[in-house]
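J.: Have a look at this one.
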Number of protein chains: 2
Amino acid sequence: MLSFVRFTSSKAAKYVPTSGVYPKGFVVGGIHCGVKKDGKSLDLAMLKNVYHEPATASAVFTKNKFKAAPVQVSRKILDNNNGNHINSIIVNSGNANAVTGKKGYEDAQAMVDATDKAAGNSESNSTLVMSTGVIGNLLPIDNILSGIPKLAESDLGSSHDHWIACAKAICTTDTFPKLVSKNFEIDGITYTLAGLAKGAGMICPNMATLLGFFATDAPISEDAIKVLVANAVARSFNSISVDGDMSTNDTIVGIANGAAGGQLIDLSKESKPKFDKLQEEFTSFAQQLAQLVVRDGEGATKFITINVKDAQSYSDAHTVAKTISNSSLVKTAMYGKDANWGRILCSIGYSEVEAIIPERTNVSFVPADGSAKLDLLVNGEPQQVDEERASEILEFEDLRIEIELGTGGGEDCEFWTCDLTHEYITINGDYRS
Amino acid sequence: MLSFVRFTSSKAAKYVPTSGVYPKGFVVGGIHCGVKKDGKSLDLAMLKNVYHEPATASAVFTKNKFKAAPVQVSRKILDNNNGNHINSIIVNSGNANAVTGKKGYEDAQAMVDATDKAAGNSESNSTLVMSTGVIGNLLPIDNILSGIPKLAESDLGSSHDHWIACAKAICTTDTFPKLVSKNFEIDGITYTLAGLAKGAGMICPNMATLLGFFATDAPISEDAIKVLVANAVARSFNSISVDGDMSTNDTIVGIANGAAGGQLIDLSKESKPKFDKLQEEFTSFAQQLAQLVVRDGEGATKFITINVKDAQSYSDAHTVAKTISNSSLVKTAMYGKDANWGRILCSIGYSEVEAIIPERTNVSFVPADGSAKLDLLVNGEPQQVDEERASEILEFEDLRIEIELGTGGGEDCEFWTCDLTHEYITINGDYRS
């Protein structure tokens, strides 16, 4: 049955930070409340705004037609509040509360109500809720409702350990918790961004779920945070692929409380320079977090950046990059350390992007050690590939594949994916045996 | 390096016919001409119309932007002839003549010219050409051009053995040749359909290629055969998936010479009943052939029919079926013999079809032995699944998954796919090691 991996992977040592910087005015934490069956793994996470001003928030939700109950509830709350007065986030792992009908919806709402109360939010429906884990089962809602006040009273804080606990508490089959934080400066004021995510673990009897949130102490208007989060997610969590499946629960939230001070950043002309800087910070931050999800892709041995250049439009670049990233043939070739330009070219060709000109298309491998790139296809002509050099490049865990479309449109895109391995099949095909 | 499987698989015994019925007025054959490196495997196939009337033909080609030279040449010939006066087909295997520039195009045209001459076609450009195999290498064109007259003079015939040789000569990594034939009757006249295809073998350094043609001795006008082939391919070769990749060379041709007599079947009102009957025969025939390609999918252990019912439109039904068929999570679950309705539902949900109503969606497994079906999801509610019964059903090689969308639109679709296995990864990831 369902087993949750302890965080002992070699990747954990490499990708879990031992310290961090955390935004003012937020406390977080994670406890075991009794969703996960082992009786000890963290399975309930909370973020609470403790600044005296209410926070603004925005989210990007799954486009799946079968939206889990927490997605429906959170979306409604955000819509009704117009992204304002969101003061806490509650997440359980171990059960996705998906395909659970009316009772599932009530349970999600009960989690919101309990958190509003425990967090002392002055208004109702000031909490966003997320769930991840098995689908088709009702939540052990009593355990969760007992856990919420306990977590809020005794286990929240703003230390690195609190953030790590929070990151662990949203994990399911992830082999390491994903936590990123950083400082940045706007007009002499230092702001902080911290965020966490859980990745592409597909476990019986359910599916990949991407969950995450990031918080900042910058002061951001509700309409500005909407744009910031949407753009950041488009170029990060919506530009990664493990196996192309999209779950019923996928949710990424951005939240801002303004605790670090400074003037409100909104969509006005005067705010534009600050907004642009913030967008840059949000996007690169979300990319860092999203890339950790790819690194922890099931069975992954390779981290591949697909870099499409000079497309007619960003949407074209994104479609080409996504198509390559989802090709089983490309992904198995990378696993096999094979410089198979034919499969890359083939997937570019069936991406259904009109503005592709075979005789202007270039494909090369950019080695992870900064040495010279290796051209595979130049202006549509296959190159005599130095197989030894190709092998060297493919020995690295990281690889960048550059696709120059030469359309003159000048639009670029980066997309991150992993390889398709025996281990992936074992995890997803054999877990019951 | 590239190795071509000898036809010794257990599937060969099961799926290769030991006799057949073949259309009048066509001769076929296959020889080794020196494309495949082992010096003996058949690698050149020909079909020739020997009836005193010219044949009509139509084709469906790959939509890949990188179209191989033979695709470009054949398409031009069909367009220029408006589908009439097509009297022969020449196919080589072992080299796809793809991404080979101007010389590749000249080579494909040279194959056409040589075949027109060797077949004694009265007009030039009466031949369609196809190639399959490695990409990025020029054809050993001298070997092919010497082979064509030899094949035309001494190795063509209409016996079962000739058709088998022809089917073998288009194979690459297929584990068995794919040949289907049958009789049918229209207005008291017996007509015959025979066809062959090669399947989804992805070999270094190239990609899956789907090739095939079918021939009938029914008299069909050039505009009617266009519709017949397009419709048949849409519901057969365009309704199968091994790994979702689409090659530079995919081509399916239908050809008709009228040698069995009867009135010309065209798009007129008078012809309608005959045309409809023909459409039925063409479609079910093409489905049989396409299903053999799925059965021979790389590493496949399961043959899965995805049956979407009561969609708003055929296109919706097709999109949902295709999305399920391409989901790595669904495919690995089938490999793991796991009744994982969650993954099926999830892929329905992200298919981007608007007219999906979660609370009207039903999913069930239909066992291959004709016993009662097993409901997994009824009106969006997960069922308590009898795991033992599910295991029984999933022990069969064949499985039908029924998805009832309940939109009231009444449109149905069948799609065929296979599972995703360790063996697939080994074939596509490890072949160089």
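The values are calculated or read from the model by the stated rules, or taken from the named source; none is laboratory data. Small disclaimer: the values here were computed from a predicted structure and weren't measured. For neighbour counting, all protein chains shown are included, and Cβ atoms are generated from backbone atoms with ideal geometry for every residue, glycine included.
J.: For segment B:349-360, name all the residues that are of a type outside the set (D, E, K, R) and more than 7 Å from chain A (Cβ to nearest Cβ).
T.: Keep residues of segment B:349-360 that are of a type outside the set (D, E, K, R), which gives B:349-351, B:353, B:355-358.
Residues satisfying the conditions are B:S351, B:V353, B:A355, B:I357.
J.: What number of residues in segment A:402-414 are within 23 Å of A:K331 (Cβ to Cβ) and either without any contact (Cβ under 8 Å) to a residue 12 or more places away in the chain or away from chain B (no Cβ under 12 Å) (or both)? Don't jump to the end; show me each part of the working.
T.: Applying the first criterion (within 23 Å of A:K331 (Cβ to Cβ)) to segment A:402-414 yields A:402-405, A:412-414.
Adding the requirement that they be either without any contact (Cβ under 8 Å) to a residue 12 or more places away in the chain or away from chain B (no Cβ under 12 Å) (or both) leaves A:402-404, A:412-414.
Going through segment A:402-414 one residue at a time, the tally reaches 6.
J.: Take the residues in segment B:223-276 that are of a type in the set (D, E, K, R), touching a Ser or Thr at 6+ places or on another chain (Cβ under 6 Å) and farther than 22 Å from B:Q72 by Cα; name whichever of them is surrounded by the most Cβ atoms within 10 Å (Cβ to Cβ).
T.: By that ranking, first place goes to B:D243.
J.: Further question: Counting just the residues of segment B:116-137 that are more than 19 Å from B:V27 (Cβ to Cβ) and modelled with pLDDT of 95 or more, which one comes out farthest from the other protein chains (Cβ to nearest Cβ)?
T.: So the residue we want is B:S124.
J.: Moving on to the next point. Can you name every residue in segment A:82-104 that is hydroxyl-bearing (S, T, Y) and assigned to a strand (DSSP E or B)? Don't jump to the end; show me each part of the working.
T.: So in segment A:82-104, the residues hydroxyl-bearing (S, T, Y) come out as A:88, A:93, A:100.
Answer for segment A:82-104, where residues must be hydroxyl-bearing (S, T, Y) and assigned to a strand (DSSP E or B): A:S88, A:S93.
J.: What about A:G39, is it free of Cβ contacts under 8 Å to residues at least 40 places away in the same chain, surrounded by fewer than 18 Cβ atoms within 10 Å (Cβ to Cβ) and either within 30 Å of B:T323 (Cα to Cα) or not basic (K, R) (or both)? Can you show your working first?
T.: Values: free of Cβ contacts under 8 Å to residues at least 40 places away in the same chain: yes; surrounded by fewer than 18 Cβ atoms within 10 Å (Cβ to Cβ): yes; either within 30 Å of B:T323 (Cα to Cα) or not basic (K, R) (or both): yes.
Judged against the criteria, A:G39 is a match.
Conditions tested, residue by residue: (1) more than 10 Å from every other protein chain (Cβ to nearest Cβ); (2) over 25 Å from B:Y424 (Cβ atoms); (3) part of a helix (DSSP H, G or I).
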{"position": "A:V363", "(1), (2), (3)": "yes, no, no"}
{"position": "A:D369", "(1), (2), (3)": "yes, yes, no"}
{"position": "A:L376", "(1), (2), (3)": "no, no, no"}
{"position": "A:A390", "(1), (2), (3)": "yes, no, yes"}
{"position": "A:R400", "(1), (2), (3)": "yes, yes, no"}
{"position": "A:W416", "(1), (2), (3)": "yes, no, no"}
{"position": "A:L420", "(1), (2), (3)": "no, no, no"}
{"position": "A:T426", "(1), (2), (3)": "no, no, yes"}
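J.: Within segment A:77-96, track down each residue that is modelled with pLDDT of 95 or more and either farther than 20 Å from A:F214 by Cα or not assigned by TED's automatic domain parsing to the domain that holds A:V229 (or both).
T.: Step one: filter segment A:77-96 for residues modelled with pLDDT of 95 or more, giving A:77-80, A:86-93.
Passing the criteria: only A:N80.
J.: Is it the case, given these coordinates, that A:G94 is more than 14 Å from chain B (Cβ to nearest Cβ) and either surrounded by 21 or more Cβ atoms within 10 Å (Cβ to Cβ) or under 21 Å from A:G254 (Cα atoms) (or both)? So that I can check it myself, show each step before the final result.
T.: On the way: more than 14 Å from chain B (Cβ to nearest Cβ): yes; either surrounded by 21 or more Cβ atoms within 10 Å (Cβ to Cβ) or under 21 Å from A:G254 (Cα atoms) (or both): yes.
In short, yes.
Results for (1) surrounded by 17 or more Cβ atoms within 10 Å (Cβ to Cβ); (2) touching a strand residue (DSSP E or B) at 6+ places or on another chain (Cβ under 8 Å); (3) farther than 25 Å from B:N95 by Cα, shown as yes or no for each residue.
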{"site": "A:R343", "(1), (2), (3)": "yes, no, no"}
{"site": "A:S347", "(1), (2), (3)": "yes, no, no"}
{"site": "A:A355", "(1), (2), (3)": "no, yes, yes"}
{"site": "A:N362", "(1), (2), (3)": "yes, yes, no"}
{"site": "A:V366", "(1), (2), (3)": "yes, yes, yes"}
{"site": "A:G370", "(1), (2), (3)": "no, no, yes"}
{"site": "A:N379", "(1), (2), (3)": "no, yes, no"}
{"site": "A:Q384", "(1), (2), (3)": "no, no, no"}
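J.: Hey, A:E53 hits all of (1) free of Cβ contacts under 8 Å to residues at least 60 places away in the same chain; (2) over 23 Å from the mean Cα position of the chain (by Cα); (3) farther than 19 Å from B:R343 by Cβ but one; which does it fall short on?
T.: (1)
J.: Among the residues of segment B:283-303, are any among the aromatic types (F, W, Y), within 14 Å of chain A (Cβ to nearest Cβ) and either part of a helix (DSSP H, G or I) or free of Cβ contacts under 8 Å to residues at least 60 places away in the same chain (or both)?
T.: Kept after step one, since they are among the aromatic types (F, W, Y), are these residues of segment B:283-303: B:285, B:303.
If we keep only those that are within 14 Å of chain A (Cβ to nearest Cβ) too, we end up with none.
Looking for residues that are among the aromatic types (F, W, Y), within 14 Å of chain A (Cβ to nearest Cβ) and either part of a helix (DSSP H, G or I) or free of Cβ contacts under 8 Å to residues at least 60 places away in the same chain (or both), one finds none in segment B:283-303, hence no.
J.: What number of residues in segment B:172-202 are within 13 Å of B:Y15 (Cβ to Cβ) and at pLDDT below 95? Talk me through it step by step, then tell me what you get.
T.: First, the residues of segment B:172-202 that are within 13 Å of B:Y15 (Cβ to Cβ): B:174-180, B:196-197, B:199.
This time we only want the ones that are at pLDDT below 95, so: B:174-176, B:199.
Final tally of qualifying residues: 4.
J.: Within segment A:248-282, can you find the residues that are within 14 Å of another protein chain (Cβ to nearest Cβ) and closer than 18 Å to A:W416 by Cβ?
T.: So in segment A:248-282, the residues within 14 Å of another protein chain (Cβ to nearest Cβ) come out as A:248-250.
Scanning segment A:248-282 gives a single hit, A:D250.
J.: Which one is farthest from the other protein chains (Cβ to nearest Cβ) among residues in segment B:324-345 that are in contact with a Phe, Trp or Tyr (Cβ under 7 Å, 6 or more places away or on another chain) and in a helix (DSSP H, G or I)?
T.: B:S325
J.: Something else: Taking the stated definitions as given, is B:V330 outside the structural domain of B:V233 (by TED's automatic domain parsing), buried (at least 22 other Cβ atoms within 10 Å of the Cβ) and at pLDDT 95 or above? Break it down into steps so the answer makes sense when it comes.
T.: Working: outside the structural domain of B:V233 (by TED's automatic domain parsing): yes; buried (at least 22 other Cβ atoms within 10 Å of the Cβ): yes; at pLDDT 95 or above: no.
Taking the combined requirement at face value, the residue does not satisfy it.
J.: While we're on this one: Among the listed residues A:K102, A:K65, identify the single one that is crowded, with 20+ Cβ neighbours inside 10 Å and basic (K, R).
T.: On the way: A:K102 fails: crowded, with 20+ Cβ neighbours inside 10 Å.
Testing whether each residue is crowded, with 20+ Cβ neighbours inside 10 Å and basic (K, R) leaves just A:K65.
J.: Among residues belonging to segment B:378-388 that are of a type outside the set (D, E, K, R) and either in a strand (DSSP E or B) or out of contact with any Gly (no Cβ under 8 Å at 6 or more places or on another chain) (or both), point out the one that is farthest from the other protein chains (Cβ to nearest Cβ).
T.: Here is the first cut: in segment B:378-388, the residues of a type outside the set (D, E, K, R) are B:378-380, B:382-385.
Still in the running and either in a strand (DSSP E or B) or out of contact with any Gly (no Cβ under 8 Å at 6 or more places or on another chain) (or both): B:378, B:382-385.
Details: B:V378: 12, B:P382: 4, B:Q383: 9, B:Q384: 10, B:V385: 9 Å.
That would be B:V378.
J.: What tally of residues in segment B:310-354 results from selecting those that are touching a Lys or Arg at 6+ places or on another chain (Cβ under 8 Å), without any contact (Cβ under 8 Å) to a residue 24 or more places away in the chain and not small (G, A, S)?
T.: Matching residues across segment B:310-354 total 2.
J.: Is it the case that B:Q279 is in contact (Cβ under 8 Å) with a residue 12 or more places away in the chain, surrounded by fewer than 21 Cβ atoms within 10 Å (Cβ to Cβ), at negative phi and under 17 Å from the mean Cα position of the chain (by Cα)?
T.: yes
J.: Given the criterion out of contact with any Ser or Thr (no Cβ under 7 Å at 6 or more places or on another chain), of a type outside the set (S, T, Y), within 27 Å of A:K67 (Cβ to Cβ) and in the same structural domain as A:V71 (by TED's automatic domain parsing), identify the matching residue among A:A167, A:A218, A:A119.
T.: Details: A:A218 fails: within 27 Å of A:K67 (Cβ to Cβ); A:A119 fails: out of contact with any Ser or Thr (no Cβ under 7 Å at 6 or more places or on another chain).
None of the other options fit; the residue is A:A167.
J.: Please indicate, with yes or no, whether at least one residue in segment A:60-81 is part of a strand (DSSP E or B), away from chain B (no Cβ under 14 Å) and within 19 Å of the chain's Cα centre (by Cα).
T.: yes
J.: Another one. Show the residue pairs that are 6+ apart or on different chains and have beta-carbon atoms under 7 Å apart, the first residue being within segment A:61-89 and in contact (Cβ under 8 Å) with a residue 60 or more places away in the chain, the second being assigned to a loop (DSSP other than H, G, I, E, B) and of a type in the set (F, W, Y).
T.: Pairs found: A:K63/B:Y350; A:N64/B:Y350.
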